[in-house]
């Protein structure tokens, strides 16, 4: 696929001008270019006219101004951990990495804010907050290498959304280099500001199609005083959903994570991930890994115990354990985070990152399972995700004993069938991973015409030459 | 002021076509028109070519399609409680009231969502949530008459922002009639949806300049199990800000409200509001009214008592009481909500609804006070607001003994001086009330050129004929 359109490969003198902006340290060539052009699973191998990493916002702006003047396309890239290829260029673009912009610019504990460069990794941001006796709650699997700019551009989610929201909810201000090279200084450290359209919202989740995020003001929170982690077995997904409501009412919204897993997750984990075992004595069709936190100094464990006892009495769950040590907590989370790896051990036929209303999860699962079974009898669905966010990671492995690649030629059909069910529930075909290259055509086919027309009008208004990350999302 | 520009008063046959859409019940004329054309304090008296209240989203769309075809401007109006004149037309517009769209469409407790028509009042929405054993936390003084559509279009704030956020944070989906009459169905009930630009964010706080909000999906929360209200006296605004950090750390972010008041607030309240008295034995320069809530069933009062005792020991406060009854809680909140009325008893020279970073509140107050004193010696500043949001209502009353209108001819100068200080702190000249007519020129003069250019590009892209609420905000 090419995005060249009416665009030509950038002339050499333009590339030279861009090199001059960033200097030799900011150019990556030859063997150094490989890490930028391939995402970690090897999909969407890319090419770029030039790979540069500016050292400052001003350098980013200088690069973009040159691109604007010469109609050269730009693909911004953070930690290159995205799952939909949004960060990988096709060939004629400048790849603009934020990796050299790594300053924590300011931490203000009294304002509960932190201002950072876009290239700071999520883990570094979490650590900086922790060092200031504060919490930056966003947490995702790739936090060691993903960067704040990418987290924002993809509106990342993760395991604490239930309590603290998505990236969108955790950003107070942004600094963005616009497609014409203007620096938009929206680095407000304010909780309230009603002076016009909230422009940063277009950049959050904008996948780099409207500008390059170079800095951000992030919200911080007090660290919770207590945490309690529990793991429960339930007879049905419906019971697991009802358990969330029960738990939130009993703890006044104390759940920070509420993770659903089907029995098959546990089977695959125990089989493929070393040093894991079933946390409960008997098998259950569904499981919930839940974490509660509280600002009060004591009493949370009692509250959670009572909540679980009442849930057992009410038949919402059939067994439960509370983690008795940090090691047990870590083990439960390690199991949760190894589900994808465990599925790879069986072969991944199709993968979906979808959402519906939380209350629709059970019906969605029933209908999607039936649709998959019709297309691929015996295929093994592995469903897990974040109940409180209505977000189901709905993966499909080949039938027992079949070749790992047995479903490869049915992948598109299975995806289409699952997305049809999602559409019927007015859900989302991309809950947290985004659109990028991977779902661009699907989005164009499935999003309604009014949405698409508005999105295109905004894109044209802010990036009239279409130089920002072409071929992604829209 | 006219917004006619190249627009002519709507021809009679166009008005007839609009009347036909809504029917006789949907047209307000003669004496019935007065409540729509004047806001409650009598500022910005307006005129309209026609006042209509459609009964459904389809009728709104039919009206707007006619307006689009004939280049007729439209001013949407909710409960007409806005403080900046955004809801009042100039003369050539159709005034489109949402007052007849009052259905609670759906409540889903398991999904913690509620779908409502735009014309539902905030109090009705709160009540409907309560009836479903849930909390819709947004709370503002005008909640009995303001409507959800207006709450959303102005991104309303209020006293619970610290814990639950502004209107923007409480909306999952929107239904909007666009300037061309298309109905945008963005009524998603999802917590996660990364399939393109988050279009609803432009409508939230958009002040009706990009479309007419006709319906919304609102977030609900578990009701807290305990609430504790306290009132403390402090020596300085700096101590009051430090108290918030201390209190949030001690309660793990348990504060839902944290309201600052200067001593003058108490003086004016006791003087002008019947049945009020100073809650503390001695006078203090500053006060904080705080409310904490928790999901645990017990222990919050002990936590708050310990927190206050430690704050006394640390010298952050000099006295404090905890409300011992619902009546005491109500009295404290009645005092907080009567500050504006109490100021009117002394004469209101100038009023500002500004925000800065929370940690900048003390320095902002020092500099603003000095600027006001230079311009109007003896003028009495009354400062109050929401510490956690950095939002200060900064009002200025005439000097002791002076005429109530003594500062009227200095109002513009005082406003400009206070806004200069706000700009120096990178704050906001409109924290929660919005821009509307009142601050349109101020915004154009003070907002940076990059912001304004982006806003105008978006306005032109989505409303190319400029028919949506002209003369407001932009």
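When you look at residue B:280, is it touching a strand residue (DSSP E or B) at 6+ places or on another chain (Cβ under 8 Å), surrounded by fewer than 19 Cβ atoms within 10 Å (Cβ to Cβ) and without any contact (Cβ under 8 Å) to a residue 60 or more places away in the chain, yes or no?
yes
Which residues, taken from segment B:445-456, are over 16 Å from residue A:199 (Cα atoms) and either crowded, with 16+ Cβ neighbours inside 10 Å or touching a helix residue (DSSP H, G or I) at 6+ places or on another chain (Cβ under 7 Å) (or both)?
B:446
Of all residues in segment A:384-410 being within 14 Å of chain B (Cβ to nearest Cβ) and without any contact (Cβ under 8 Å) to a residue 60 or more places away in the chain, which is surrounded by the fewest Cβ atoms within 10 Å (Cβ to Cβ)?
Across segment A:384-410, the extreme among qualifying residues is A:393.
Against the definition (modelled with pLDDT of 95 or more, part of a loop (DSSP other than H, G, I, E, B) and surrounded by fewer than 19 Cβ atoms within 10 Å (Cβ to Cβ)), how does residue A:100 come out, yes or no?
Yes: the conditions hold for residue A:100.
Of the residues in segment A:415-441, how many are under 20 Å from the mean Cα position of the chain (by Cα) and within 9 Å of chain B (Cβ to nearest Cβ)?
Residues meeting the conditions: 10.
Among the numbered conditions (1) surrounded by 15 or more Cβ atoms within 10 Å (Cβ to Cβ); (2) free of Cβ contacts under 8 Å to residues at least 12 places away in the same chain, tell me where residue A:441 comes up short.
(1)
Within the group B:289, B:308, which residue is assigned to a helix (DSSP H, G or I) and farther than 14 Å from residue B:226 by Cβ?
B:308
Inspect all residues belonging to segment B:332-346 and state whether any of them is under 24 Å from residue B:158 (Cα atoms) and within 14 Å of another protein chain (Cβ to nearest Cβ).
No: zero hits.
Of (1) under 18 Å from residue A:433 (Cα atoms); (2) surrounded by fewer than 18 Cβ atoms within 10 Å (Cβ to Cβ); (3) within 14 Å of chain B (Cβ to nearest Cβ), residue A:363 satisfies all except one. Which?
(1)
Restricting attention to segment B:20-59, which residues are closer than 18 Å to residue B:179 by Cα and touching a residue at least 60 places away in the same chain (Cβ under 8 Å)?
B:57, B:58
Can you tell me which residue in segment A:18-42 is modelled with the lowest pLDDT, limited to those that are part of a loop (DSSP other than H, G, I, E, B) and under 14 Å from residue A:77 (Cβ atoms)?
Only one residue fits best here, namely A:40.
For the subset of segment A:445-463 comprising residues that are closer than 22 Å to residue A:7 by Cβ and without any contact (Cβ under 8 Å) to a residue 24 or more places away in the chain, which member is farthest from the other protein chains (Cβ to nearest Cβ)?
Across segment A:445-463, the extreme among qualifying residues is A:456.
Would you confirm whether any residue within segment A:296-304 is assigned to a strand (DSSP E or B) and closer than 28 Å to residue B:107 by Cβ?
No.
Can you tell me which condition residue B:10 does not meet? The list is (1) surrounded by 15 or more Cβ atoms within 10 Å (Cβ to Cβ); (2) within 26 Å of the chain's Cα centre (by Cα); (3) not in a helix (DSSP H, G or I), and all the others hold.
Going through (1) surrounded by 15 or more Cβ atoms within 10 Å (Cβ to Cβ); (2) within 26 Å of the chain's Cα centre (by Cα); (3) not in a helix (DSSP H, G or I) one by one, residue B:10 breaks only (2).
For segment B:250-280, name all the residues that are part of a helix (DSSP H, G or I) and over 22 Å from residue B:300 (Cβ atoms).
Listed by number, the residues that qualify are B:263, B:264, B:265, B:266, B:267, B:268, B:269, B:270, B:271, B:272.
Taking segment B:201-215, which residues are over 18 Å from residue B:64 (Cβ atoms) and either more than 9 Å from chain A (Cβ to nearest Cβ) or crowded, with 24+ Cβ neighbours inside 10 Å (or both)?
B:204, B:205
Tell me which of these residue A:72 doesn't satisfy, since it passes every other one: (1) outside the structural domain of residue A:158 (by TED's automatic domain parsing); (2) assigned to a loop (DSSP other than H, G, I, E, B); (3) closer than 22 Å to residue A:156 by Cβ.
Checking residue A:72 against (1) outside the structural domain of residue A:158 (by TED's automatic domain parsing); (2) assigned to a loop (DSSP other than H, G, I, E, B); (3) closer than 22 Å to residue A:156 by Cβ, the one that fails is (3).
Scan segment B:236-249 and report the pairs whose first residue is within 15 Å of residue B:300 (Cα to Cα) and within 11 Å of chain A (Cβ to nearest Cβ) and whose second residue is part of a helix (DSSP H, G or I) and at pLDDT 95 or above, with Cβ atoms within less than 7 Å and a gap of 6+ or a chain change.
Filtered contacts from segment B:236-249: B:247/B:307.
What do you reckon, is residue A:194 farther than 27 Å from residue A:139 by Cβ and buried (at least 24 other Cβ atoms within 10 Å of the Cβ)?
When the stated conditions are applied, residue A:194 passes them.
For segment B:140-169, which residues satisfy the criterion of being surrounded by fewer than 24 Cβ atoms within 10 Å (Cβ to Cβ) and without any contact (Cβ under 8 Å) to a residue 60 or more places away in the chain?
B:140, B:143, B:144, B:165, B:168, B:169
Test of understanding: among A:271, A:238, A:227, which residue is under 18 Å from residue A:333 (Cα atoms) and surrounded by 16 or more Cβ atoms within 10 Å (Cβ to Cβ)?
From the options A:271, A:238, A:227, the qualifying one is A:227.
Being loosely packed, with under 15 Cβ neighbours inside 10 Å, touching a strand residue (DSSP E or B) at 6+ places or on another chain (Cβ under 9 Å) and more than 21 Å from residue A:245 (Cα to Cα) is the filter here, so list the residues in segment A:298-339 that pass it.
Correct list: A:298 only.
Between A:365, A:375, A:474, which is outside the structural domain of residue A:258 (by TED's automatic domain parsing), within 28 Å of residue A:49 (Cα to Cα) and in contact (Cβ under 8 Å) with a residue 24 or more places away in the chain?
When all the criteria are applied, what remains is A:474.
Taking segment B:212-239 only, how many residues are under 20 Å from residue B:166 (Cα atoms), touching a helix residue (DSSP H, G or I) at 6+ places or on another chain (Cβ under 8 Å) and assigned to a loop (DSSP other than H, G, I, E, B)?
Residues meeting the conditions: 2.
Just the residues that are in contact with a helix residue (DSSP H, G or I) (Cβ under 6 Å, 6 or more places away or on another chain) and within 14 Å of another protein chain (Cβ to nearest Cβ), please, taken from segment A:270-302.
Result: A:292, A:294, A:295, A:296.
The values are calculated or read from the model by the stated rules, or taken from the named source; none is laboratory data. All of these numbers come straight from a predicted model, not from anything done at the bench. FYI the Cβ positions are ideal-geometry reconstructions off the backbone, even for glycines, and counts take in every protein chain you see.
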